[in-house]
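Every number here is computed from the coordinates shown, using simple stated rules; none is lab data. None of the values given here were measured: they were computed from a predicted structure. Cβ placement follows ideal geometry from the backbone for every residue including glycine, while neighbour counts extend to all protein chains displayed.
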Amino acid sequence: MHESDGRWLWDVASGLAGVAVPWSATSAEPPATRVYERLLVAEEYDVWLIHWPPGASLGLHDHGGSAGAFCVVSGELRERAHHADGATTDRVVVDGEGAVFGPTRLHAISNPNAATATSVHVYSPPLEQMAFYDPGSAASPPVRVEREVDWTRDSVSDRGR
């Protein structure tokens, strides 16, 4: 799948973002770490809701060959994309905005703000693994790989990642 083929991924992500409940609308205390929940698993895709407390980040990673899209529900996230030519682009993503990406995308996401942000992420095929890279040498082999089983255990918080 190419980025241009991912319109349907955006439609799912942005549609669900429109009805997702941001952390700020709950009565819960702000989370100490990134909190994620798989909302849906279908044959062709899966959907995740992620809450990003202030200062939370997910380092440079891929999506294990899955294409995807994400949409910010509330708050603001910073995305740093690493391109095949070695260039990087930084952008701020706010409510209702996001991105569609192909299966080779490398990026890092963070919340540098004082408020918790919430986002919806859709992957096709369903996310099975993510490899993490050294941002100084993204062309090098991954420094670690996480698999789906690591994220779908009883706890949904980052547990220090």
Relative intensity, log₁₀ I(q)/I(0), of segment 75-150 from a Debye sum that treats every alpha carbon as a point, q = 0.22, 0.27 Å⁻¹:
-1.24, -1.37
Heads up, segment 44-111 by the C-alpha gyration tensor (a ≥ b ≥ c square roots of eigenvalues; a/c under 1.5 rounded, else a/b over b/c prolate, else oblate) looks oblate
Per the rule of 0.36 nm per residue minus the C-alpha distance, extending ARG7 to SER57 adds in nm 15.4 nm
Karplus 3J(HN,Hα) series, Hz, for segment 101-115 with 6.51 cos²θ - 1.76 cosθ + 1.60 (x for Gly, Pro):
9, x, x, 9, 5, 10, 7, 10, 10, 8, 10, x, 9, 7, 10
With a ≥ b ≥ c taken as the square roots of the eigenvalues of the C-alpha gyration tensor of the chain, please select rounded if a/c is under 1.5 and otherwise prolate if a/b is larger than b/c or oblate if it is not?
rounded
Low-density loop cleavage sites - GluC sites (Glu not before Pro) in segment 37-111, where at most 12 other Cβ are within 10 Å (DSSP):
GLU43, GLU44
7 Å from Cα along Cα→Cβ at both ASP95 and ASN113: what's the point-to-point distance in nm?
0.9
Going toward the positive end of the dipole of segment 35-135, with +1 on Lys and Arg Cβ and -1 on Asp and Glu Cβ, which of ALA56, VAL35, ALA67 do you reach last?
ALA56
Going by average Cβ neighbours within 10 Å, how do the peptides 130-136, 90-96, 10-16, 64-70 rank, with the highest at the top?
64-70, 10-16, 130-136, 90-96
